[in-house]
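Following: one structure in C-alpha cells, then a few remarks.
Here, each number is a calculation from the coordinates, and none is a lab measurement. What you are looking at is a predicted structure, and each value in this text was computed from that prediction instead of being measured. Heads up, the Cβs are rebuilt from the backbone with ideal geometry, glycines too, and the neighbour counts pull from every protein chain shown.
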Amino acid sequence: MTADGDKILSQLRARAQDLGFDSLGVTTANARPDLPAKLKAALEKGWHAGMVWMEETGERRKAPAALWSDVRSIIMVGLNYGPSEDPMTRLADPHLANVSVYAQRRDYHDVLKGRLKDLAGLLARRTGAEVKVFVDTAPVMEKPLAEAAGLGWQGKHSVVVSRKAGSWLFLGAIFTTAELPADTPHKESCGSCTRCLDICPTDAFPAPFQLDARKCLAYYSVEHKGQIPLGFRRPMGNRVFGCDDCLAVCPWNKFARRTSDAKLAAQEAIRTARLGDMLELTDADFRNFFARTPVKRLGSARFLRNCLVAAGNSKDRTYLPAITRLLRHEHALVRGMAVWATRQLVSESEAAAMRAATMTEESEPEVNAEWTL
C-alpha cells in the first residue's frame, strides 16, 4: 500500500501544480488530538466574539472525525495570494478605502472550490475512495491541519506562515476515506519575533498564537453586525474591510512573491478605490462594484458603516455632503455611523443644528445616542 500511496500522491502533487496550487500536504484525521481542548478553551473565553456559529458547530469542529466519521486522511492545499505592495503603506492615505489584500480579488472560495473538486475527483478515480471538499465552508480547523500536513506553521498571529508564501496563503481541504502516506508536520519557526503581536493597533493577541476576536479590527469590519464599538473606531483608520497589519509585518514575507494566478489578481478598481466614491455607492452600485469578491457578502449597509468610520477619521470636511445624505439612509446602522462621522468633522454648534434637522420622534435611540457619545 505504501508504494501505491506514494504513486497516487505523486499524481496528486503533479495535478495540484497544474491547477495552480503552490503546496500540497497530507495528514491523518487524528493528527491533532489537542484541537478539542484548544477549541473548548477559546470558546469558553469568548474569543469568538459574535461569531456564534463557531460555538454552535463546536462539536463538529473539534476534530475531523467529528465532522465525518469515515475520514482517514486529509489533503491540505495552499494557494499563494501575495500582494504587489506592502499593505502597511496603504494606511497612510486617509482618502483610500482600504480593502484587505485577500478581498481585493475574486472570492477565493470560488477559485479554490472548483480546483479542489478536480483534485478530489482524481483521487476518487484512482482509489475508489470517498472524498469531501472544504474551503472555509464547514467546521474544519484548516490552519492546524495545514501545519500537521507540512504546508507551514501557525504563526504567533494565528495565521499559517509558509516559507514560500509568507502569511499570504489560501487553504483548502480534501477529506477522504483513503489511507495516504502522511507528510511530516511543519515545525513552528517564529523564533523570538513578535512583530505581528506588537503591530496590532488594538492588542487583540492575549498571548502568542492566541487571537481574541473581541479586539480585532478584521472581526469588527467583516463579521460584526452592529455598530463599531466606540473604542475601535479611531484605530480602524481607513480600513473599510479587514486588517492586514499582523500579516504584513511578518519577516517571512521577504520570501513571498506576488501571486501569478490570473484569477487571484487584485482588481485595480478595488485596490485603488477612493473613500469619497465608496460613500456614494447605492446598494445596486455596491453589489456591482464588488461582484464575485468577499466584500459583497458584507452587504452595502455594513460597508457604508465602515466607510463612514474612515470618513470620520479622515478629518476632511469635503466628505460632509455625502455623510449628510447618509444621515437619512434607510438603515439605522448607516444613520448611526453617519452621526458619529459628522461629529468628528463639525463644531458642536454645527452638530446641534444638524441633529435638530434630522431627529424625529421615530428616530431610533441608538441613532440619537450617537449624537451625545
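Things to note:
- Once the Cα-Cα distance is subtracted from the 0.36 nm per residue extended length, the Lys40 to Val52 segment shows a gain of 3.0 nm.
- Full-extension gain in nm, Ser84 to Arg125, via 0.36 nm per residue minus C-alpha separation: 10.9 nm
- Exceeding the 25 Å Cα-Cα cut-off - candidates Lys132/Lys215; Lys62/Lys164; Lys38/Lys263; Lys187/Lys215; Lys187/Lys254; Lys143/Lys187: Lys132/Lys215; Lys62/Lys164; Lys38/Lys263; Lys187/Lys215
- Computed from phi, the 3J(HN,Hα) profile of the range 247-254 under the Karplus parametrisation 6.51, -1.76, 1.60 (θ = phi - 60°) reads 6, 5, 8, 4, x, 5, 5, 5 Hz, with x in place of Gly and Pro.
- Residue with peak Gaussian network fluctuation, the chain [Cα springs, cutoff 10 Å], from Ala146, Ala341, Ala357: Ala357
- A simple charge model with +1 on the Cβ of Lys and Arg, -1 on the Cβ of Asp and Glu and nothing else charged puts the dipole of the range 294-373 at about 460 debye relative to its Cα centre.
- The antiparallel fraction among DSSP beta bridges confined to the chain stands at about 90%.
- Listed residues Gly226, Gly237, Gly78, most fluctuating in the chain (Gaussian network, C-alpha, under 10 Å): Gly226
- Dipole in debye (nearest 20) - the range 120-223, about Cα centre, beta carbon charges: Lys, Arg +1; Asp, Glu -1: 240 debye
- Euclidean distance between Cα centres, the range 194-254 to the range 9-49, Å: 23 Å
- Net +/- balance of residues flanking Leu275 in space, Cβ distance below 13 Å, scoring K and R +1, D and E -1: 0
- Other-chain or far-sequence residues with amide H under 5 Å of Ser23's (modelled H): Gly78
- Longest site-free stretch - the chain; sites: trypsin sites (Lys or Arg not before Pro), DSSP loop, at most 14 other Cβ within 10 Å: 46-162
- Gyration tensor (alpha-carbon) shape descriptor, the range 28-178, a/c threshold 1.5: oblate
- Calculated SAXS-style log₁₀ I(q)/I(0) at q = 0.15, 0.16, 0.17, 0.24 Å⁻¹ - the range 161-253, Debye, Cα scatterers: -0.73, -0.80, -0.87, -1.30
- As a length-normalised measure over Cα pairs under 8 Å and 6 or more apart, the relative contact order of the chain settles at 20 percent.
- For the range 176-328: rounded, prolate or oblate by the Cα gyration tensor [a/c cutoff 1.5]: prolate
- Farthest toward positive dipole pole in the chain [+1 Lys/Arg, -1 Asp/Glu at C-beta], among Ala41, Thr259, Val160: Thr259
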